[in-house]
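The values are calculated or read from the model by the stated rules, or taken from the named source; none is laboratory data. Note that this is a predicted model, so its numbers are computed, not measured. Positions of Cβ are backbone-derived with ideal geometry, glycine not excepted, and every protein chain shown enters the neighbour counts. SASA here: full protein model, heavy atoms, side chains in, ligands and nucleic acids out. Shrake-Rupley method; radii C 1.70, N 1.55, O 1.52, S 1.80 Å.
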Amino acid sequence: MLAAFVPIWVLTGLGWLAGRYRLLGPDAERVLAGFVFRLAMPAALFTALSRGRLAFHPGALGAFAAGTVLTMALGFVLCAVLLRRGLGAATIGAMAAGYVNSANLGIPVALHVLGNATFLTEVLLFQVLVVTPVILVALDRAAGRPLRPATLAGMPLRNPVIAGLALGALCSALHWRPPEVVGAPLALLGAAAVPTALVALGLSLTSGGPRQPGERAEVAALAGLKLLVQPVLAGLAGWAAGLGRVDLLALVVCAALPTAQNTWTYAAEYGQGESVARRTVLVSTALSMATLAVAGWLLG
């Protein structure tokens, strides 16, 4: 498990060093975040979906979805109602509370704790096919873009992440893999998404910026929702659905994963809740080793 966390800490630290000593220039954070959002992440999502198979286990996935929706709703209410954040910042807060790091961190953790990443694949598909479009629609709305049918229909053309999701899911549903002359360059581009996002996250730590009132408590509450509330809610939903011990362990471990760095990438792209997203990713990642170990000990 420690080996799964080390690359995240190292790459984030390299980004911090690059920002601290200004090795990449003043606009590096913005350029790298834009590269991830507009090029690397769509390629990564397309590659993952087009090369995978859309398969679901309703009981476990339904329990995970219930825990995710409830936790994100609590995060949204916390930010929008209690802290009076705007729609965009509250959406980022909801994502920070319930969007798990299912890719670069989730896979090695699942292999170590569970022995396989089968259920994690379903979690990844649920997040990218269901949760991500909802978040991006809300962020578009916060940016002042009207929610007309023509606007929604044109989202894949305007939003590269949605385009990557839609095309990848279509290829998977049709059981068609693009030829290597197309798939290989996209896979190579997609492989740059996670390391570049982590370096950009480290760069953002040096740019700082003023904190909003109550931000420290907001980050603590969102990290608590992510690491404690979401796995408990998912576990209760799985128990109510009658899942066996093995399935319940997979469910709780996946729900206990920390906040995905995509949260900060989206926040930086839309200029909403960047500081909260950055700090919640760091805090939840730093503390999640403890919660994951406890989950594995209790249910393993």
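Quick check on this structure: which one of ALA65, ALA18, ALA40 is in a helix (DSSP H, G or I), closer than 28 Å to GLY183 by Cα and out of contact with any Cys (no Cβ under 9 Å at 6 or more places or on another chain)? Step by step, each of ALA65, ALA18, ALA40 is checked, and only ALA40 is in a helix (DSSP H, G or I), closer than 28 Å to GLY183 by Cα and out of contact with any Cys (no Cβ under 9 Å at 6 or more places or on another chain). Can VAL246 be described as buried (at least 22 other Cβ atoms within 10 Å of the Cβ) and either assigned to a helix (DSSP H, G or I) or at pLDDT 90 or above (or both)? No; evaluated as a whole, the condition is false for this residue.
What number of residues within the stretch 21-37 are part of a helix (DSSP H, G or I), more than 16 Å from the chain's Cα centre (by Cα) and either modelled with pLDDT under 85 or closer than 30 Å to TRP297 by Cα (or both)?
Pass one, the stretch 21-37, residues part of a helix (DSSP H, G or I): 28-37.
Among the residues that remain, those that are also more than 16 Å from the chain's Cα centre (by Cα) are: 28-32, 34-35.
Next, only the ones that are either modelled with pLDDT under 85 or closer than 30 Å to TRP297 by Cα (or both) stay: 29-30.
Adding up the residues that qualify gives 2.
Just one of the numbered conditions (1) open to solvent by less than 50 Å² (accessible area, probe 1.4 Å); (2) part of a helix (DSSP H, G or I) is not true of LEU74: (1). When the stretch 260-300 is examined, which residues are found to be part of a helix (DSSP H, G or I) and within 21 Å of LEU236 (Cα to Cα)? Result: SER288, ALA290, THR291, LEU292, ALA293, VAL294, ALA295, GLY296, TRP297, LEU298, LEU299.
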